[in-house]
Every structure is written in C-alpha cells, then in structure tokens.
Amino acid sequence: MDERKLQGLILEFDAETEAKMRSINDALDQLGMFGTQTRNVPHHITLGICERNPDIEGETARQMKEAGRRFDAFPIRFQHIGLFGLKVIFLAPAVDWTLLEMRRHFDPCEDPNWAAHATILIDERENILRALPIVVEMTERIGRMEGRVERIGFYEFFPPKLIRMEHLK
C-alpha cells in the first residue's frame, strides 16, 4: 500500500453553490453511482496537489493569510461539463483574471497542466457514461451554475484532513 501523503490547496464555495453541486451527487447516488471522489471535502476548485512537505506549511499559511487580506470573495460561473478521459466528470468554470491571479498567488505545485474544474464524479468508464446524461439533466434543471468562492482550504490527503482554512474578504 502506498503510504505517501499529499497536500493540496483548494478554493471552496458558498453554501448555495455547494448545495447545487451536492444535488447532482445526490441524483447519482440514488442510481448507485457513488464514485471514488473525496466525499468529506466540500466541492472545490483545486489550485494544486503535491507530495506532502511539512517544511512549506508555514509559508503556505503566510500566503493564505495574505490572500485572505488581498482577495475578495468572488463570483464563479460554471460554463460547461467536462471529462478527464472517461474517468472524471467535472464542471468547468469560466477562467477569469481573479481565478488566474489566485492560482498565480500560490502556484503550489507549478503544474503546467492545471485545469480549473470542480469534480462531480470519479468512477469507472461504464458509470461515467451512465452518469453524463444525468449530470447534463441536473445542470439544466438547476439553471445557471453560478456561485461564489469564499474560502481557501489547505488539506492533507489521504485520508483528507483540514490543515488550515482562510476566508476571503
């Protein structure tokens, strides 16, 4: 068993946005599509995940405090449903300057392949294919998928454990 730990910075949403996303997961759950995504972490946009390094936790805490003072909570609009292969369904936000500036402020893993997204389901190919029309239907039923980013979370994975939370102003 791989014992390596990861750490990640995530942008968390307001309660209304979380409830909209949770309703999509609830619809999938009712059909037995539970997936393997992390359930006890709120829906979010990942800024970066890398191998755990306790040496950078102090610097990360400082950056989070600075971001909390510098950045206002900001609106987010999910403009489409996306796939990472046939393994992950996600909602993709319109990437604006605020989101890019937030990413640049941290750049926690210097990942050149970063794609802004909020995961809905991680599962086997068959379930992804079954889930896709349900996710489309649910997003149409919800209407405009808009919300707000209100917090930055710093987590250890796996199992997930909150290290630090910072609210945006």
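Just to be sure before I move on: is ARG39 within 24 Å of ILE134 (Cα to Cα), in contact with a Pro (Cβ under 8 Å, 6 or more places away or on another chain) and basic (Lys, Arg) in the structure I sent? No; evaluated as a whole, the condition is false for this residue.
When segment 7-66 is examined, which residues are found to be out of contact with any Lys or Arg (no Cβ under 7 Å at 6 or more places or on another chain), under 24 Å from HIS167 (Cβ atoms) and of a type in the set (D, E, K, R)? Residues satisfying the conditions are GLU16, GLU18, LYS20, ARG22, ARG39, GLU57, GLU59, ARG62, LYS65, GLU66.
ARG151 is checked against (1) under 20 Å from ALA19 (Cα atoms); (2) basic (Lys, Arg); (3) not in a strand (DSSP E or B) and fails just one. What number does that condition carry? Among (1) under 20 Å from ALA19 (Cα atoms); (2) basic (Lys, Arg); (3) not in a strand (DSSP E or B), the lone unmet condition for ARG151 is (3).
Within segment 151-168, residues that are in contact (Cβ under 8 Å) with a residue 60 or more places away in the chain and more than 22 Å from PHE74 (Cα to Cα) reach partners that are of a type in the set (Val, Ile, Thr) and in a loop (DSSP other than H, G, I, E, B) with beta carbons closer than 7 Å, at six or more positions or on different chains, in the pairs PRO160/THR38; PRO160/VAL41.
For the subset of segment 125-149 comprising residues that are touching a Lys or Arg at 6+ places or on another chain (Cβ under 8 Å) and not β-branched (Val, Ile, Thr), which member is modelled with the highest pLDDT?
Restricting attention to segment 125-149, the residues satisfying the condition of being touching a Lys or Arg at 6+ places or on another chain (Cβ under 8 Å) are 125, 128, 142, 144-147.
Narrowing the set further to residues that are not β-branched (Val, Ile, Thr) leaves 125, 144-147.
Values: ARG125: 97, ARG144: 84, MET145: 90, GLU146: 93, GLY147: 94.
The extreme case among them is ARG125.
Just one of (1) among the charged types (D, E, K, R); (2) under 18 Å from SER23 (Cβ atoms); (3) crowded, with 17+ Cβ neighbours inside 10 Å fails for GLU166. It is (2).
A quick yes/no check of all residues on (1) closer than 17 Å to GLN37 by Cβ; (2) out of contact with any strand residue (DSSP E or B) (no Cβ under 8 Å at 6 or more places or on another chain); (3) not small (Gly, Ala, Ser):
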| residue | (1), (2), (3) |
| --- | --- |
| GLU66 | no, yes, yes |
| ASP72 | no, yes, yes |
| LEU83 | yes, no, yes |
| LEU100 | no, yes, yes |
| MET145 | no, no, yes |
| LYS169 | no, yes, yes |
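Please verify whether LEU47 is closer than 19 Å to GLU137 by Cβ, touching a Phe, Trp or Tyr at 6+ places or on another chain (Cβ under 9 Å) and of a type outside the set (Phe, Trp, Tyr), treating the condition exactly as stated. Taking the combined requirement at face value, the residue does not satisfy it.
LEU162 passes every criterion in (1) of a type outside the set (Phe, Trp, Tyr); (2) more than 18 Å from ASP14 (Cβ to Cβ); (3) not in a loop (DSSP other than H, G, I, E, B) apart from (2). Taken together, the residues in segment 76-106 that are surrounded by fewer than 18 Cβ atoms within 10 Å (Cβ to Cβ), within 15 Å of the chain's Cα centre (by Cα) and farther than 30 Å from LEU129 by Cα amount to 1.
Output the residue which, of all residues in segment 116-134 that are in contact (Cβ under 8 Å) with a residue 40 or more places away in the chain and part of a loop (DSSP other than H, G, I, E, B), is farthest from ALA27 (Cα to Cα).
Taking segment 116-134 as the starting set, the residues that turn out to be in contact (Cβ under 8 Å) with a residue 40 or more places away in the chain are 116-123, 127-132, 134.
From what's left, part of a loop (DSSP other than H, G, I, E, B): 116-117, 123.
Values: ALA116: 24, HIS117: 20, ASP123: 15 Å.
The qualifying residue farthest from ALA27 (Cα to Cα) is ALA116.
The values are calculated or read from the model by the stated rules, or taken from the named source; none is laboratory data. As the structure is a computational prediction, the values presented were derived from the model and not from experiment. Note that each Cβ is placed from the backbone with ideal geometry, even for glycine, and that neighbours are counted across all protein chains shown.
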